[in-house]
Each structure stands twice: as structure tokens, then as C-alpha cells.
1. With respect to residue A:304, determine if the residue is aromatic (Phe, Trp, Tyr), out of contact with any Gly (no Cβ under 7 Å at 6 or more places or on another chain) and in contact (Cβ under 8 Å) with a residue 12 or more places away in the chain.
2. Taking the conditions exactly as written (at pLDDT below 90 and either under 16 Å from the mean Cα position of the chain (by Cα) or more than 27 Å from residue B:113 (Cα to Cα) (or both)), does residue B:265 satisfy them or not?
3. List, please: which pairs have Cβ atoms under 6 Å, are six or more places apart or on different chains, and start with a residue in the stretch B:55-80 that is under 26 Å from residue A:200 (Cβ atoms) and end with one that is modelled with pLDDT of 90 or more and of a type in the set (S, T, N, Q)?
4. Which members of the stretch A:230-256 meet the condition of being among the β-branched types (Val, Ile, Thr) and either free of Cβ contacts under 8 Å to residues at least 60 places away in the same chain or assigned to a strand (DSSP E or B) (or both)?
5. Restricting to the stretch A:234-256, what's the tally of residues that are among the β-branched types (Val, Ile, Thr) and within 14 Å of chain B (Cβ to nearest Cβ)?
6. Residues to consider are A:220, A:227, A:184; find the one that is buried (at least 24 other Cβ atoms within 10 Å of the Cβ) and either touching a Pro at 6+ places or on another chain (Cβ under 9 Å) or more than 14 Å from chain B (Cβ to nearest Cβ) (or both).
7. Among the residues of the stretch A:199-217, which ones are of a type outside the set (D, E, K, R) and surrounded by fewer than 24 Cβ atoms within 10 Å (Cβ to Cβ)?
Amino acid sequence: MNSPGRGVPRPFAGARALAVGVAMLALALGFATDEALASGDLAPAQVRRATGFWTPARMARARPLDHLRTGSPRISSAPARISALSPHVYPPTSPAPEAGASAVPETVPDPTAVPERTNGVVFLVAPFGLGRCSGTSVNAPSYSVVITAGHCIDEGDFFGDIFTRWVFVPGYRFGQRPFGVFPARWVGTTRQWGTTHNENFDVGALVVERNERGRLLGKAVGGTGLAWGLKPNQTFDVHGYSAEQPFDGETQQLCPQTRFLGHDPRSFLSPGPLDLAVSCEVTGGSSGGGWTIDGHILNGLTAYGYSGDPDTDFGPYFGREVGRLYVRARRVR
Amino acid sequence: MIGRPLALASLTALCLGAAPAASPASPLDIPSAAPPQFRAVLREKLHTSEPRRSADSRIELGFQHGYRLMVIGEGNLVALVAMRDPGLSRILEAVSSAHKPPALARTVTAYVTRGTVTPTRIEASFGSLGDVAVRFHPSGRTVKEDPGHCRGNSAFKVRRGTFAGRIRFTGENGYVSVRAHRARGRVRTPRHLRCRGRRPVGPHPRDRSTGRRRSDSRAGMFVERHTPTTSTELFAFQTSRLSLLLALAEESRGTMAVFHYVLALVGGRVLTHDDALTSATLRPPRPFHGRGIYSAAPDGTKTWSGSLSVAFPGAPRQPLTGAEFASQLTVGF
């Protein structure tokens, strides 16, 4: 995952955080550009440049977002009205897979197959250089919505809105872009992540442009369904592109049929629904990786972990704020 | 990411909120004798960097078996807190004293759950341990508070009064037990709050006088253990004259989380180590028991073993050593 979160993240927090913070500040001062924008519509010129910018060499150099912090974003659009307490399920556009139960990640042999092709890598330009996360194409009328972690859109706190040039590469494998590159033309996060960086709401979304071949994302790879407001006690398929040891970020990883283990105790200390823990070994780069239920319904994502417990993956509960974010994203023209 | 804002309701709500309203400083203010690095880490561990911006309520339940008991409500969080505290003044006097201070420790256990908190009522369930359902009846005049780290006059409006209804709570193995229908308390609401973070704690005068030089007599030990729903951390730091220890244990129990912590100040040294930093022994006084033994092998393998444990309210023997703990020893910073 990119940004191990609460308390003692992986790796150790404490003094290292201070040192990294100072280093990041120095880097950021030299890196922030006028393209900086953390939430909302992106300028057409910026969208066009993003596709050409992300060459295979740059993708290979992209690193997870560990220890990065940026400023608080402003989300301009008001949340849509969602009757949130009842469960919501949007159907997928691809069939459900068969999967065996395991909490140990396995490499997806063919990330271009259905439905694995809905998962991909989110590349972005961050203050420290080239960054990467994971993301999932979800079903939407625009065929263009990707769900990822909120901290892959905006890290908050220190530097301001400085991530740029997001692109989504579904089915990524060893530098190959089998379905092309989809540059983001709109980015957003849940309201709570955008204003307070409350980790219980660490969810973000991209609306992407057509790829180089002129195809819409949903037409090219399909999209998972999306559900929010369900009971947390689900069995998930955990997807992602872990990029730190023992992984290399070149292949899609999957922990099939991993069960909900409980809530992170520190999640109780922030308002909002409690974060979920599942058993799955993930590392930096897997942030934003989708947790699907029934093989094809997105109902969670990877957000953070702890250094002392590398086999547990934590992510936000998909509640009404995720629904509101999705509605905002699907309305983007 | 490291130390993202955990909103207030962290231990700040549980512990700072427990401080007497008129206290000039928080009991968790880090003693100025600690070098800046340690203070920063401690502050992060205790989540005390976030200024409080929302209304909070507190019910005083008096003392039982040496524990001060209270209920704190803020946002949608309700905490029942049991704490044993030598008193802020004694800790501060000890730190500023030229004499060798005695061992002092503040021990806290907080049971945190989601609930309903309004200016007029608090409702929450602590599962099998009990529940709270009370209404607030103000009495007396309104008092205005102006915390030092916030700008503006009368930042808080404090209404004192009585909470009436039902308060039932029995701690593990009956270490405390409360049955009350009425209890005194207060509701505090923010007014013109313009906080810029907590008051900065400057370097100790001796740090300034010696410039950037750091004494080699300073040593720090950090150990941690995480599981999906629990975490245990121990932080020990010492100078030639003082030692500070912080032990934290957190546990998620379904819809409730339990937070334990001990913040101890000890006159003299509790950590001994060799010059090569290949071995160290930590032997703190009560409420700790036993000793922890650190060993670093030439291949980089670290072990943390021994009999060290700590007594928290309701958890008298919490182990702090074992193979599952990650450990780190640092000196001379």
C-alpha cells in the first residue's frame, strides 16, 4: 500500500517521519507546478500531456507514495443526495469469476482476462517524483470511473494540492499496457478525506478520458459493480499491484476469498464508519486496490497497514460517503 | 502515511479531555526535559497535535479503588475512562526539580464506542460491560474558557450541571463498577475557536546552550506488536538524569475499542546498553514489571525477550516482550 496509515505504519514511524517530512518539503518546493490540482476537473492540456508523459520507462520508475503528505484539497461540487443507510449495489458489467480461498497473495496469471482487467495501476506525478497506486474500473454510464484510495488523489497536510498527471492503466503487466493509458480528467475524494484526511474515509475517484485508441475505459475492460452500506462482515477478493518487497509492482496480485477480521482499534478514534481488516499480504503500491465481493462487486479497497503486521490489510468501509463520491464521479461530463 | 490526523477523538479526547477544565496545561504535555525528537514522537503517539474543534461532554463519576472514572462524549464517540494519576503538578515539579525525581506514572484505560452525543444527552453501549443513557440538566452559570493554543476570547462556553438517567459499567474482573442515576458534569461547546495547533514546546534550555550537539548518554528503545485488531507499543527514552516511558495497548472488540496507556517518568536510567548497540536491558519500575532484553545479531536480526510487562487499569499483566515484537534501539540523538 502506498501510505501506511495510523500510528506505527510500515516502516517505523517516529523519527523517520520527521526526517522524511523535511526531505519531502525540500523536494516539494522544487517540484510543485502550476498543474497542481487535487480535486475537480483537470485542464484539457494537462490531460493530453499525461498520456504522453507516462512512457513505460517512467511507469517502471514510479514508486509508492510512502510518507508523502500534501495540503488540504477543496472539493467544489456538493455531495449528491444519497439515502445512505440502506445498502446500494450497482451491478457489474463483467461476469463473476471462480476463486479458491486463500489469504496469501497470488500472482494473477492473465491480468487481461475478465474480470481481472478491471484492476490496474494508477500512475501519478508526486512531489518526490513518480508515484503509483492501484485502482478499479467501476460500472458507470460514462464508462469512465475508477475508484482508488483518497490518498492517491491528495495526501494532505503539508504541501498543498500537488499530485498531477494521473493515468489509469488497466491490466498492467511488466510494462505492458494492453488496453492503453487512460488519463484522468477529473479527480475527487470523499468530502471527509478532502477536508480532514480522516482515514475512515480514504476513498478517491478518477474520471478518465478515452485512451490513445479512442476507447472508453468501460468499453475496453468493463467495470465492476459497486456496493455501499453493506454489513462489514464480507468475504473479499483483494486486488492490487504491490510494488515493494517481496513484490515488484509488475504483476497484479490477488488474495482470494479473504474474510473480514475486525476493525482497526484506532479507527474508533475518528468519526465515521470503522475501517476493516482483512488477511492479505500487501505492500506499497497496492493502495487503492479493490476489494470485491462475489467476485465482481467493489466493496472496499486497500488503504494502509502496520509494520509489525505485514499480513493484514486495512481499508475504509464503503458507506454513504463512498456512494456520494461515486454519484459525483458518474455525473462528470 | 505517518500520523495522519486521527481527528480528535483519539486519546486526546480520552485523556486531554479528562484534564481539569481550568488546568493551565495538559497532563500529557511532554516534559520539557525530553529532547525535541522524543517529544515529537510522543506527541504523535498520543495524538495530541490536533486541536479540538467540536463540542464535548464530560461526566464525573468520582473515584473507585484509586481510579478516577468519567464518561467523555464528543462527536459520535463515547468513552468511559478509568485513570490513575499522580497529578499534573507533581509531574511538572518533578521534571523541573534539580533533585532526582521519584517514579511517577499516569495510567489510563479508555473504553471507546460509537454513540449519540448532543449538548443535551449521551447514549452509548459498551456491550457486556455496560451502557450510558443520560440527559443533561444545566445548573449554575456559564463559564468561558480560552485555551492557550487557540486565538480569540472565550473560545469555549462551559455549562455545568447534572447528567440524569442510567450509567452502568463494570470493568474486567470487576476492577471498577459503576451504577449511577445522577452525576455531575459539564458540556463544553466551542465559540470563536481559531486554533493553530497545540502550543509549541520549545527545546530545553540546555539544548539551546549546547547548540546542535546531542549527548551520547541519550538512548531510546521502541518496540511494537500488531495484529489485525490489537497493537502494543512501548517507547522508552532516557537522558543521564531522567527516563520517560510510554506504553500503549489498543484492542478492537467488535463495536468497542479499548485503549490502555501508561506514561511514566522515572528519575535515573532504566535502559542499559553496550557501546556496539548489540545488547540492551530495559528495567523500568512500577507499573512495569520484569525486564526486557534486546539483542542484535551480526546479521541484523533483532530479538526482544524477557519478562517485561505493564499493569494497565483492567489489564494487570500486559506482556511487552516476545518474538512477535519488532524492536529498535537508538542512542546519541
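The values are calculated or read from the model by the stated rules, or taken from the named source; none is laboratory data. Since we're looking at a predicted model, the values are computed, not measured. Heads up, the Cβs are rebuilt from the backbone with ideal geometry, glycines too, and the neighbour counts pull from every protein chain shown.
1. no
2. Against the criterion (at pLDDT below 90 and either under 16 Å from the mean Cα position of the chain (by Cα) or more than 27 Å from residue B:113 (Cα to Cα) (or both)), residue B:265 qualifies.
3. B:73/B:57; B:78/B:113
4. Answer for the stretch A:230-256, where residues must be among the β-branched types (Val, Ile, Thr) and either free of Cβ contacts under 8 Å to residues at least 60 places away in the same chain or assigned to a strand (DSSP E or B) (or both): A:235, A:238.
5. Qualifying residue count, the stretch A:234-256: 1.
6. A:184
7. Across the stretch A:199-217, the qualifying residues are A:211, A:214, A:216.
The rows are residues; the columns are (1) assigned to a strand (DSSP E or B); (2) under 16 Å from the mean Cα position of the chain (by Cα); (3) modelled with pLDDT of 75 or more.
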{"residue": "B:68", "(1), (2), (3)": "yes, yes, yes"}
{"residue": "B:72", "(1), (2), (3)": "yes, yes, yes"}
{"residue": "B:80", "(1), (2), (3)": "yes, yes, yes"}
{"residue": "B:94", "(1), (2), (3)": "no, no, no"}
{"residue": "B:109", "(1), (2), (3)": "yes, yes, yes"}
{"residue": "B:116", "(1), (2), (3)": "yes, no, yes"}
{"residue": "B:119", "(1), (2), (3)": "no, no, yes"}
{"residue": "B:128", "(1), (2), (3)": "no, no, yes"}
{"residue": "B:131", "(1), (2), (3)": "yes, no, yes"}
